[in-house]
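Just below is one structure, and these are the notes that go with it.
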Amino acid sequence: MSLMINEECIACDACREECPNDAIEEGDPYYMIDPECCTECYGYYDEPACLSVCPVDSIVPDPDNVETLEELKFKHSQLNKDN
Ligand code: SF4
Ligand code: SF4
């Protein structure tokens, strides 16, 4: 499942550098996660890296982008197929 950023975001920028998939972008009025790039950190970390740095807990599961572990593995492989 991709994560998403809700309206509690204070645009502190702490999460963007933490993402191994460059899935987080500055948005207006709050930051955004590209569901095509978020793997819940599968392939890099045991837990989503962005969650641990957000000071206002504004990063939550995205109910519109629910994925199984197999789907996250496939997305990870697709994102890294040129590496
Ligand atoms: Fe990036 Fe991981 Fe957060 Fe997804 S869960 S946006 S891959 S840091
Ligand atoms: Fe917004 Fe949280 Fe990311 Fe800061 S860490 S930009 S508050 S989502």
Accessible solvent surface per residue of segment 3-79, calculated while the other protein chains remain in place, 1.4 angstrom probe, Å²: 63 Å²
Efficiency of FRET from Cβ geometry, residue 82 and residue 56, R₀ 25 Å, rounded to 0.05: 0.10
Largest first and in whole Å, what are the equivalent-ellipsoid semi-axes of segment 3-79 based on the Cα gyration tensor, each being the root of 5 times an eigenvalue? 20, 12, 11
Fraction of accessible area attributable to carbon and sulfur, the chain (%, probe 1.4 Å): 47 percent
Taking the chain and dividing mean pair separation by its residue count, relative contact order in percent (alpha carbons under 8 Å, at least six apart): 39 percent
Which residues does a label at residue 71 reach in segment 8-42, if reach means a backbone N under 15 Å from a point 7 Å past the Cα toward the Cβ? 35-42
For residue 36 and residue 10 in the same chain, what is the full-extension length gain: residue separation times 0.36 nm, less their Cα-Cα distance, in nm? 7.0 nm
Are there GluC sites (Glu not before Pro) in segment 19-83 that DSSP marks as loop and that have at most 16 other Cβ atoms within 10 Å, and which are they? 26, 36
How large is the helix-only mean residue ellipticity at 222 nm for the chain, computed as the sum of -39500 (n - 2.57) over DSSP H runs with n ≥ 4, divided by its residue count, in deg cm²/dmol to the nearest 500? -5000 deg cm²/dmol
Explain nothing, just compute: Karplus ³J(HN,Hα) = 6.51 cos²θ - 1.76 cosθ + 1.60, θ = phi - 60°, for every residue of segment 5-15 in order, whole Hz, x for Gly and Pro. 10, 9, 6, 6, 4, 9, 6, 7, 6, 5, 7
If you check each cysteine of the chain for another cysteine whose beta-carbon is under 4.7 Å away, which ones come up empty? 9, 12, 19, 37, 38, 41, 54
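The values are calculated or read from the model by the stated rules, or taken from the named source; none is laboratory data. Here the structure is a predicted model, which means the values were calculated and not measured. So basically every Cβ, Gly included, is an ideal-geometry build from the backbone, and we count neighbours across all protein chains shown. Side chains included, ligands, DNA and RNA excluded: accessible areas come from the protein's heavy atoms. Shrake-Rupley method; radii C 1.70, N 1.55, O 1.52, S 1.80 Å.
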